[in-house]
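The values are calculated or read from the model by the stated rules, or taken from the named source; none is laboratory data. In this text, all values refer to a predicted model and were calculated from it rather than measured experimentally. Neighbour counts run over all protein chains shown; Cβ positions are idealised from the backbone, glycine included.
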């Protein structure tokens, strides 16, 4: 079971959001292709996205939570070495097919889906969104020694793009932040 968080602009319409969410990713930010974008496991990433996408622009944000069971054989998990190897083969195929075009994550995924057709089994894609956090208050890292550039990211910014909304299930999108919207079942963090 994955605990997932989606950050949205606060438009004082929590009932509508809970009844109709999740919402598909904005076209300019959908680096994993079309789908419903969530931050995986760590709510700090959802707060960071709220800060840079809304608060910095003078707007408020909300965070909704879903708990989703994604079948492992339907999840393209780009945190797993064997799936990264498969993805690099897709990159090679894309660059051979389109030598004058930049290979982006979305383009490579679309290419793989086109080539595989109905054999493309993935209804969700999971990947770490590296180097997206510019503010330390949203990061938690531990270093092997003082002054090291290397670190272990204890709350990595991992995104999940769910391409098939039906696996999220009905009544599985609850606003948990800000707390005044969350009610008695508020997520405490």
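Quick notes on this structure:
- Remark: residue 94 falls outside the filter, which requires a residue to be touching a helix residue (DSSP H, G or I) at 6+ places or on another chain (Cβ under 6 Å), closer than 30 Å to residue 178 by Cβ and in a helix (DSSP H, G or I).
- Residue in region 57-74 that is part of a helix (DSSP H, G or I) and either within 24 Å of residue 139 (Cβ to Cβ) or touching a strand residue (DSSP E or B) at 6+ places or on another chain (Cβ under 6 Å) (or both) present: yes
- Among the residues of region 75-91, the one identified as touching a helix residue (DSSP H, G or I) at 6+ places or on another chain (Cβ under 8 Å) and either touching a residue at least 60 places away in the same chain (Cβ under 8 Å) or in a loop (DSSP other than H, G, I, E, B) (or both) is 78.
- Residue 122 vs. criteria surrounded by 18 or more Cβ atoms within 10 Å (Cβ to Cβ) and part of a loop (DSSP other than H, G, I, E, B): yes
- Checking each residue in region 11-24 for being out of contact with any helix residue (DSSP H, G or I) (no Cβ under 7 Å at 6 or more places or on another chain) and either over 11 Å from residue 64 (Cα atoms) or not in a loop (DSSP other than H, G, I, E, B) (or both) picks out 11, 12, 13, 15, 16, 17, 18, 19, 20, 24.
- Check on residue 108, in the same structural domain as residue 42 (by TED's automatic domain parsing), surrounded by 10 or more Cβ atoms within 10 Å (Cβ to Cβ) and either at pLDDT 95 or above or not in a loop (DSSP other than H, G, I, E, B) (or both): no
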